[in-house]
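**Q** Take a look at the following structure, please.
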Number of protein chains: 2
Amino acid sequence: MRNVDRKDVPAVTVPRLALYLRKLRELRARGVDRVSSKDLAEAIDLNAAQIRKDFSYFGEFGTRGVGYEVDSLIDVITHSLGLHRTWNVAIIGAGLLGTALARYRGFGEQGFHLVAMFDSSATVIGASYGEGRVRSVAELEEFCAEERVDIAVVTVPASEAQATIERLVAAGVRAILNFAPVRVHTPDGVLVRQVDLSSELMALSFHLDRESD
Amino acid sequence: MRNVDRKDVPAVTVPRLALYLRKLRELRARGVDRVSSKDLAEAIDLNAAQIRKDFSYFGEFGTRGVGYEVDSLIDVITHSLGLHRTWNVAIIGAGLLGTALARYRGFGEQGFHLVAMFDSSATVIGASYGEGRVRSVAELEEFCAEERVDIAVVTVPASEAQATIERLVAAGVRAILNFAPVRVHTPDGVLVRQVDLSSELMALSFHLDRESD
């Protein structure tokens, strides 16, 4: 197996890598050592050729007729996704969604370490949710200068999202998960992923309305 | 303006329609009556030609040099997305995410009416979150037979998602927002939208790791 140069792996494969990783961990937990692209394809409802193509970015380490080693695949995908490192996460906005996310088990399990929460409301500053003690958003820049914040999860109201994200970017944050229902602008090198619940609900409404015509 | 036949509007436009609707409501709240495709394009960072193409599905009602009537656009997009109707929503899984979603303001604002929550844990059955009183998941089929459930929001653990969604589909639910980090299979005619927070975090990790090489 040659060394992986992560720059070779295109960003479009990331959602599939996440899917592979989840299924492979499940297989390992069940004591499975090896898996063929065909069996993996059936388990996650993808095309076996697509899976072989994705895995080819990691070099030649599947053996025809024997399949892939589950452990090796997990290692290489974990590295490829940067999950061998620990990333510090801050949540901006300690409302209902922010506090629920603070207690979201998926953070810790994946190497994401919640280091702080921020809010502007005096009624929540000082409270603790899971690992996250709520600080005043006025301390944001000072905190980022002292402690590394890799990822910011933004759950502020839509009207405050752009300004909040500009402060985060100025403080050195390069990866943002934005739950505020608004498109935000960021400079090159900053990745914003958007989770828009209201847009998801609209897609469901569109589907139901059309089906009932 | 000719009547809108929603079947004409392709599903791929839905995320953009949601975006237009949000911005148009903002404009109306600020007292703006008319908007050109160019101004709208600038406001939401899209191409004006794309916007004109999307609006052309609604018939000819923009006037060159005068722009689109904000009110008419809001009406036609609201209808196109099925948001002129009220949709009954049930949340399955009254954990931290489920209960946060139960209090999510976006539901009520958009005509989504939370009618029930379901959970299998005796410790939460009977509790109330926002509009949602938690029932035993054993009552799911009975409830769906008596009250219409249009949309199910699924926040159960990954291992329970497929079985839960099969029960919902058998009970007549045709639209599902799935937060469980697993792909689920449903028959034709059932739309499942997936919100996968762990996959979003992995995309951010991938980006950060690559940037830091």
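Quick note: the coordinates plus some simple rules give every number you see, no bench work behind them. Here the structure is a predicted model, which is why all the values come from computation and not from measurement. For neighbour counting, all protein chains shown are included, and Cβ atoms are generated from backbone atoms with ideal geometry for every residue, glycine included.
**Q** Please compute the net charge surrounding B:ALA90, taking Lys and Arg as +1 and Asp and Glu as -1 over other residues with Cβ under 14 Å from its Cβ.
**A** On the way: positive: B:ARG133, B:ARG135, B:ARG148, B:ARG167, B:ARG174; negative: B:ASP119, B:GLU131, B:GLU139, B:GLU141, B:GLU142, B:GLU146, B:GLU147, B:ASP150.
Net charge around B:ALA90: -3.
**Q** So what J values fall out for region A:137-145 if you push phi through Karplus, 6.51 cos²θ - 1.76 cosθ + 1.60 with θ = phi - 60°, rounded to Hz, Gly and Pro as x?
**A** Values per residue, Gly and Pro as x: 5, 5, 8, 4, 5, 4, 4, 5, 6 Hz.
**Q** Separate question: Sort B:92-102, B:22-32, A:49-59, A:177-187 by the packing proxy (mean of other Cβ within 10 Å over each peptide's residues), most packed first. Display every interim value, and only then the final one.
**A** Numbers: B:92-102: 24.0, B:22-32: 14.7, A:49-59: 16.5, A:177-187: 18.8.
Result, highest mean first: B:92-102, A:177-187, A:49-59, B:22-32.
**Q** Below 12 angstrom from the Cβ of B:GLU146, what's the summed charge of the other residues (Lys, Arg +1; Asp, Glu -1)? Please list the in-between numbers first.
**A** Numbers: positive: B:ARG135, B:ARG148; negative: B:GLU139, B:GLU141, B:GLU142, B:GLU147.
Charge balance in the 12 Å sphere: -2.
**Q** If you don't mind, there's one more thing I want to ask. I want the antiparallel fraction of DSSP beta bridges within region B:1-120, as a percent rounded to 5. Mind showing how you got there, number by number?
**A** Working: 3 of 9 bridges.
Beta bridges within region B:1-120, antiparallel portion: roughly 35 percent.
**Q** Then there's this: Using Cα pairs under 8 angstrom and six or more residues apart, how large is the relative contact order of chain B, in percent? Show your work: numbers first, answer last.
**A** Numbers: 285 pairs, mean separation 29.5, N = 213.
After rounding, I find 14 percent.
**Q** How much length, in nm to one decimal, is gained on full extension between B:ARG103 and B:SER212, taken as 0.36 nm per residue of separation minus their Cα-Cα distance?
**A** Working: separation 109, 0.36 × 109 = 39.24 nm, distance 3.86 nm.
Contour length minus Cα-Cα distance gives 35.4 nm.
**Q** Nearest-to-axis residue of chain A, judged by Cβ, for the A-to-B rotation, with distance in whole Å?
**A** A:ALA100, 2
**Q** A further question follows. Averaging sequence separations of C-alpha pairs under 8 Å and six or more residues apart, then dividing by the length of region A:160-210, give the relative contact order as a whole percent.
**A** Working: 41 pairs, mean separation 16.8, N = 51.
Answer for region A:160-210 is 33 percent.
**Q** What does the highest-first list of B:125-136, A:201-212 look like by mean Cβ count within 10 Å? Display every interim value, and only then the final one.
**A** On the way: B:125-136: 16.7, A:201-212: 20.6.
Going from most to least packed, we get A:201-212, B:125-136.
**Q** Between copies, how far does the label point of A:GLU131 sit from its twins, in nm, shortest first, when each point is 7 Å from Cα along Cα→Cβ?
**A** Going from nearest to farthest copy, the values are 3.6 nm.
**Q** Antiparallel DSSP bridges in the protein assembly as shown: what percent, to the nearest 5?
**A** Details: 10 of 52 bridges.
Looking only at bridges with both residues in the protein assembly as shown, the antiparallel portion is about 20 percent.
**Q** Give the relative contact order (percent, whole number) for region A:58-140; include only Cα pairs under 8 Å separated by 6+ residues. Before the final figure, lay out the partial values.
**A** Working: 101 pairs, mean separation 19.5, N = 83.
Taking the mean separation of contacting Cα pairs over the length of region A:58-140, I get 24 percent.
**Q** Another question about this same structure. Kindly identify the protein assembly as shown as rounded, prolate or oblate by the Cα gyration tensor criterion: order the square roots of the eigenvalues as a ≥ b ≥ c, call it rounded if a/c is under 1.5, otherwise compare a/b with b/c, prolate if a/b is larger, else oblate.
**A** rounded
**Q** Under a 5 Å amide H to amide H cut-off, with H placed in plane at 1.01 Å, what residues pair with A:VAL154 once short-range neighbours are removed?
**A** It is A:ILE92, A:LEU177, A:ASN178, A:PHE179, by chain and number.
**Q** How much net charge surrounds A:ASP188 when only other residues with a Cβ under 13 Å from its Cβ are counted (Lys, Arg +1; Asp, Glu -1)? Mind showing how you got there, number by number?
**A** Details: positive: A:ARG174; negative: B:GLU211.
Value of the local net charge: 0.
**Q** With +1 on the Cβ of every Lys and Arg and -1 on the Cβ of every Asp and Glu, and nothing else charged, how large is the dipole of chain A about its Cα centre, in debye rounded to the nearest 20?
**A** On the way: 25 positive and 29 negative charges, 127 e Å.
Using only the charged Cβ atoms, the result is roughly 600 debye.
**Q** Need one number: nm distance between label points at A:ALA138 and B:ARG34, each 7 Å from Cα along Cα→Cβ, rounded to one decimal.
**A** Rounded to a tenth, the inter-label distance reads 4.7 nm.
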